[in-house]
Amino acid sequence: MEIHTKDETRIVSIWLTRAEKGAPFLRREIERLAAKNKARNYKTVVYLSGERDLTKQTQSLLLHNRRKQAQAHSR
């Protein structure tokens with residue numbers, strides 16, 4: 001688990017690996033941290049590692065967005 005705090009945006013990012021995302025004790029810890037952050041007016045965001053290839057998924061998303069943009073400009 002990695003935790004990154006950005007004071008300028010008041011966001012706390014928590015990154016979990018595939019192995020960590022199912023651990024019940026981490027869920028309780030994240031809930032505790034989120035409550036603490038909420039009291040400080042910070043938003044807590046949790047990122048879970050996925051099962052798919054990140055490069056391939058990102059490429060597909062970018063291609064999809066490019067096509068939608070081209071369609072919008074051709075109208």
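Every read-out reported here was derived from the displayed coordinates using simple, explicitly stated rules and does not represent laboratory data. The model shown is predicted, which means the values in this text are computed figures rather than measured ones. Every residue, glycine as well, gets a Cβ built from its backbone with ideal geometry; the counts of neighbours run over all protein chains shown.
Say whether the condition of being loosely packed, with under 13 Cβ neighbours inside 10 Å, in a loop (DSSP other than H, G, I, E, B) and out of contact with any helix residue (DSSP H, G or I) (no Cβ under 7 Å at 6 or more places or on another chain) is met by at least one residue in the range 42-49. Among the residues of the range 42-49, at least one is loosely packed, with under 13 Cβ neighbours inside 10 Å, in a loop (DSSP other than H, G, I, E, B) and out of contact with any helix residue (DSSP H, G or I) (no Cβ under 7 Å at 6 or more places or on another chain), which makes the answer yes. Per the listing Arg52, Arg18, the residue uniquely basic (Lys, Arg), loosely packed, with under 11 Cβ neighbours inside 10 Å, part of a loop (DSSP other than H, G, I, E, B) and under 14 Å from the mean Cα position of the chain (by Cα) is Arg18. Selection of the range 11-35 for residues being under 11 Å from Val45 (Cβ atoms) and either touching a residue at least 40 places away in the same chain (Cβ under 8 Å) or not polar (S, T, N, Q) (or both) yields Ile11, Val12, Ile14, Trp15, Ile30, Ala34. Residues in the range 24-66 that are in contact with a strand residue (DSSP E or B) (Cβ under 7 Å, 6 or more places away or on another chain) and among the aromatic types (Phe, Trp, Tyr) were compared, and the one that is farthest from Ile11 (Cα to Cα) is Tyr47.
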